[in-house]
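Asker: This structure is in structure tokens; I'll ask about it shortly.
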């Protein structure tokens with residue numbers, strides 16, 4: 001089972017997760033087929049695929065069924081495993097999120113996105129334990145071209161519990177918030193000693 005995940009990013013935090021699963025059914029030099037659940041509802045969605053002259057396959061889908069393609073994935077070596085994918089998460093006709101399998105294990109583990117769709121990357125993250133949820137993300141929350149916030153899910157429960165803030169955007173951490181008991185509420189705030197650089201995913 002191959003999993004793709006879509007994460008909708010809203011300023012400084014991840015606000016939702018979708019799953020997309022792709023399973024190899026039958027691959028031959030003249031035949032390619034795969035099942036894909038684009039919207040994460042547990043049911044396979046209709047996808048189209050194009051076998052390219054270089055041997056790669058492009059997979060496209062319509063997640064919200066409005067007749068427009070909002071999901072494009074690539075299987076570069078025709079092995080039934082998606083290597084990267086891009087999404088139009090708000091279905092406005094512009095792709096704003098890109099996922100990639102960086103270690104070749106069949107799971108898309110790195111994401112970057114353009115939250116305000118100005119052509120610049122506003123956040124980049126990682127799914128370190130490959131459970132379909134972003135565990136680390138560095139973001140530009142005010143869209144000025146400088147990363148100012150880092151968030152981490154330290155216990156992999158699906159909720160961020162550690163946040164670094166660089167309020168003056170000098171590349172150094174000004175304050176840290178921590179949810180020490182992982183109840184969903186930050187209970188500790190402190191200023192780190194020395195010049196601690198903002199973590200960059």
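Asker: For region 158-176, how many residues are buried (at least 17 other Cβ atoms within 10 Å of the Cβ) and farther than 16 Å from residue 200 by Cβ? Don't jump to the end; show me each part of the working.
Answerer: Applying the first criterion (buried (at least 17 other Cβ atoms within 10 Å of the Cβ)) to region 158-176 yields 160-166, 173, 176.
Next, only the ones that are farther than 16 Å from residue 200 by Cβ stay: 160-161.
So the count comes out to 2.
Asker: Scanning region 158-172 for residues that are part of a strand (DSSP E or B) and either under 19 Å from the mean Cα position of the chain (by Cα) or without any contact (Cβ under 8 Å) to a residue 24 or more places away in the chain (or both), which turns out farthest from residue 184 (Cα to Cα)? Steps first, please.
Answerer: Kept after step one, since they are part of a strand (DSSP E or B), are these residues of region 158-172: 162-165, 172.
If we keep only those that are either under 19 Å from the mean Cα position of the chain (by Cα) or without any contact (Cβ under 8 Å) to a residue 24 or more places away in the chain (or both) too, we end up with 162-163, 165.
Numbers: 162: 11, 163: 13, 165: 18 Å.
Filtering region 158-172 for residues that are part of a strand (DSSP E or B) and either under 19 Å from the mean Cα position of the chain (by Cα) or without any contact (Cβ under 8 Å) to a residue 24 or more places away in the chain (or both), the one farthest from residue 184 (Cα to Cα) comes out as 165.
Asker: Residue 42 - would you say it is modelled with pLDDT under 90 and either in contact with a helix residue (DSSP H, G or I) (Cβ under 6 Å, 6 or more places away or on another chain) or over 30 Å from residue 163 (Cβ atoms) (or both)?
Answerer: So residue 42 passes the test.
Asker: Being in contact with a strand residue (DSSP E or B) (Cβ under 6 Å, 6 or more places away or on another chain) and closer than 19 Å to residue 97 by Cα is the filter here; which residues of region 48-80 pass it?
Answerer: Scanning region 48-80 gives 58, 59, 60, 61, 63, 69, 71, 72, 73, 74, 75.
Asker: Would a scan of region 127-138 turn up a residue that is at pLDDT below 95, at positive phi and either in a loop (DSSP other than H, G, I, E, B) or exposed (fewer than 14 other Cβ atoms within 10 Å of the Cβ) (or both)?
Answerer: yes
Asker: May I pose another question? Within region 189-201, track down each residue that is in contact (Cβ under 8 Å) with a residue 24 or more places away in the chain and either part of a loop (DSSP other than H, G, I, E, B) or loosely packed, with under 11 Cβ neighbours inside 10 Å (or both).
Answerer: First, the residues of region 189-201 that are in contact (Cβ under 8 Å) with a residue 24 or more places away in the chain: 196-201.
Passing the criteria: 196, 198, 199, 200, 201.
Asker: Now a separate question. Go through the residues of region 145-157 one by one and say whether even a single one is under 23 Å from the mean Cα position of the chain (by Cα), surrounded by 19 or more Cβ atoms within 10 Å (Cβ to Cβ) and at positive phi. So that I can check it myself, show each step before the final result.
Answerer: Here is the first cut: in region 145-157, the ones under 23 Å from the mean Cα position of the chain (by Cα) are 145-157.
Still in the running and surrounded by 19 or more Cβ atoms within 10 Å (Cβ to Cβ): 147-153.
With the extra rule that they be at positive phi, the set shrinks to none.
No, region 145-157 contains no residue that is under 23 Å from the mean Cα position of the chain (by Cα), surrounded by 19 or more Cβ atoms within 10 Å (Cβ to Cβ) and at positive phi.
Asker: Something else now. Can you find a residue in region 161-170 that is at pLDDT 95 or above and under 30 Å from residue 77 (Cα atoms)?
Answerer: No, that holds for no residue.
Asker: Can you name the number of the only condition in (1) in a loop (DSSP other than H, G, I, E, B); (2) touching a strand residue (DSSP E or B) at 6+ places or on another chain (Cβ under 7 Å); (3) modelled with pLDDT of 95 or more; (4) closer than 30 Å to residue 94 by Cβ that residue 186 fails?
Answerer: Every condition holds for residue 186 apart from (4).
Asker: With the structure loaded, tell me whether residue 66 is surrounded by 12 or more Cβ atoms within 10 Å (Cβ to Cβ), at pLDDT 85 or above and at negative phi or whether it fails that test. Steps first, please.
Answerer: Numbers: surrounded by 12 or more Cβ atoms within 10 Å (Cβ to Cβ): no; at pLDDT 85 or above: yes; at negative phi: yes.
No; evaluated as a whole, the condition is false for this residue.
Asker: Shifting gears a bit: Of all the residues that make up region 90-116, how many are more than 22 Å from residue 74 (Cα to Cα) and surrounded by fewer than 18 Cβ atoms within 10 Å (Cβ to Cβ)? Walk me through it before giving the result.
Answerer: At the first step, the residues of region 90-116 found to be more than 22 Å from residue 74 (Cα to Cα) are 115-116.
Those still in the list that are surrounded by fewer than 18 Cβ atoms within 10 Å (Cβ to Cβ) too: 116.
Residues in region 90-116 being more than 22 Å from residue 74 (Cα to Cα) and surrounded by fewer than 18 Cβ atoms within 10 Å (Cβ to Cβ): 1 in total.
The values are calculated or read from the model by the stated rules, or taken from the named source; none is laboratory data. Computed from a prediction, not measured in an experiment: that's the story for all the values here. Note: ideal-geometry Cβ built from the backbone for every residue, glycine included; neighbour counts use all protein chains shown.
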